[in-house]
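The structure appears below as structure tokens.
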Amino acid sequence: MVAFHASALEGVAGNPALPTPLLLRLLAFDGDGDGDGDGHGPPRRALQRAGLPEPAVAVILAHPNPGARIGFATSAGAEPAQRARLVDDPSPKVRAALAYGPEVYDPRTTVAPLPDDVCARLLDDPAPFVRSALLESPHLAPSFLASLAAHRDPAARRSAVRVGEILAPGQRAALLADPDPEVRRAAALGECRRDAHLTAELLREPEPAAEVLRRGLLTRADAERCVAERTHLPALAENPSLPADLVERLAVDPDEAVRLAVSLRPELDETRRMAIDFTAAEFDRGDGVRWVREGLGDPEALRRAATSAHPLLRRAAARSPHLPPDLLRVLARVEDPVLENLLGIYHPDTPEEVLMRVFARLGGTFSAWMAETHPRFPRQGLAARYADHPDGNYRRLAVRDPAATPELIERLSHDPAVWTRQAAAGDPRLPLRRLREALHDTELASSAGANPALPEDEMAAVLDRAGVPARPPGTAARPPDATV
């Protein structure tokens, strides 16, 4: 397929104005396989569109190419009940994709879990890798994980430990006495923060020692021994049960990592915290501050972290989408590039000026893209400010301005910078003559194909040129091959 035909087709696949008849035609496409299941299948952007109508879902479920069904199984835009209809798919690869669920790279995207009964069926799948994919999924509902506490599969019982806080006491006790040693160890790790005896037992095993020292309920003797032997001191310095005098001893430890860990303890007041000689890494996002990370919805924990002078506590708090307005204002005034990046990624009300600073500092990076796609990223006045900017990355912003004229959009579609040209090619104000030209430009075809102002006949022509067959009305794709 000619490159710009393929690019235009990819664009049309994601065009929000694509009519249902053309969508159905595109979804039935099997690439170069000509319907035998060996082609590339429909473009992924078509398979993973949000809000697919029922006829489109039916075409995908019956598609002969398992790759098409995998694309739908891993769609973050599909409703769980829609994806769940693949639970009986004849291909174990499709069922495994369904079991694991969508790969999500945008922190703002949330994926609703599959229904518990569907997960239960996948856990009984005859293919071992389907069962493993399910238990490795990050999208399982706590209710389903809790239901696994007495499952016959040790791997499933081990997964139940992930939601130990909502298990009944009898369930937790059963997992601690489980016949499988891996289940018992996982359960003990979950319970050791409340049980000094379990903590002492786990410390006899070398593998989980650091995690046990980080969270377990320590006896005075064990704590003193670990300090004396310098056993995983950075982890030990985080332990909530560490006696106060040992905390003070570690606060002046010669190891900088130990002092930093002490400085992040939740019980310290600001005077004591900032008296510790610590150094926060320039790009450390504060991901390891557990008491903040685990309390992102806790107003009191957030307030203590956000108002601290400690940069890692402030950065950890910036990851919360639940920051109240006063704390958001506090953090937005802090001159910290990492903190600003985090606000741009996670908070729905990040001020425009913070988003612009992130974009200005990091144009072309993931953080800049997250800032630019933020719903509060500025739009008004961008054309006047940036249409003639020497940096094409800024000229591209002019396309976002609702006051930009068709003449300006056309001018920017000829810009020396490819990103600016692509932004203009996807804008519905682009004159139709230029939009048609862009469809035949390899660098612009995808953006032009996704332009919602593209007429229906032009979309159909894109499908024709890409070799997408026009199926007779009512013709369904051949049922999937059960041997795949």
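In this label model, E352 and R204 are separated by 6.6 nm, measuring between points 7 Å along each Cα→Cβ vector. Helices in the chain, meaning DSSP H runs of at least 4 residues, each add -39500 (n - 2.57). Divided by all residues, the mean residue ellipticity at 222 nm is -13500 deg cm²/dmol.
What accessible area per residue comes out for region 17-171, rounded to a whole number of Å², with a 1.4 Å probe? Please report the intermediate quantities before stating the final value.
Values: 6640 Å² over 155 residues.
Here the per-residue accessible area is 43 Å².
Local charge for A76 was computed over the other residues whose Cβ lies under 9 Å away, with Lys and Arg +1 and Asp and Glu -1, and equals -2. Starting at 0 and stepping by 20 Å, how many percent of the alpha carbon pairs of the chain end up in each bin? Each 20 Å bin holds this share of Cα pairs: 19, 41, 32, 7, 0. Under the simplified labelling scheme, the Y105-Q380 pair shows an inter-label distance of 3.5 nm, with each label point 7 Å from Cα along Cα→Cβ.
From the protein chains alone at 1.4 Å, what is the descending order of accessible area for R152, R131, R157, largest first? Working shown, then result.
Numbers: R152 175, R131 70, R157 25 Å².
Putting R152, R131, R157 in descending order of accessible area: R152, R131, R157.
Short-range pairs are left out: with C-alpha atoms under 8 Å and at least six residues apart, the relative contact order of region 357-408 is 27 percent. Among residues other than V12 with Cβ under 10 Å from its Cβ, the summed charge is -1 (Lys and Arg +1, Asp and Glu -1). Evaluating 6.51 cos²θ - 1.76 cosθ + 1.60 at θ = phi - 60° for every residue in region 438-448, the Karplus couplings come out as 4, 4, 9, 9, 3, 6, 10, 4, 5, 5, 5 Hz, glycine and proline recorded as x. Note on surface exposure: F366, F377 rank F366, F377 by accessible area, highest first, 1.4 Å probe. In this simple spin-label approximation, A50 and F283 carry label points 7 Å from Cα along the Cα→Cβ vector, and these lie 3.1 nm apart. Each Cα pair under 8 Å and six or more residues apart adds its separation to the average, and for region 150-245 the resulting relative contact order is 19 percent.
Using a probe of 1.4 Å, the accessible surface attributed to H197 totals some 120 Å² when neighbouring protein chains are kept in position.
Apolar share of the accessible surface for the chain: 55 percent from carbon plus sulfur atoms, 1.4 Å probe.
The values are calculated or read from the model by the stated rules, or taken from the named source; none is laboratory data. Predicted model only: the values in this text are computed from it and were never measured. Ideal geometry is used to build each Cβ from the backbone, glycine not excepted, and the neighbour counts take in all protein chains shown. Areas reflect the complete protein model, heavy atoms only, side chains present, ligands, DNA and RNA absent. Shrake-Rupley method; radii C 1.70, N 1.55, O 1.52, S 1.80 Å.
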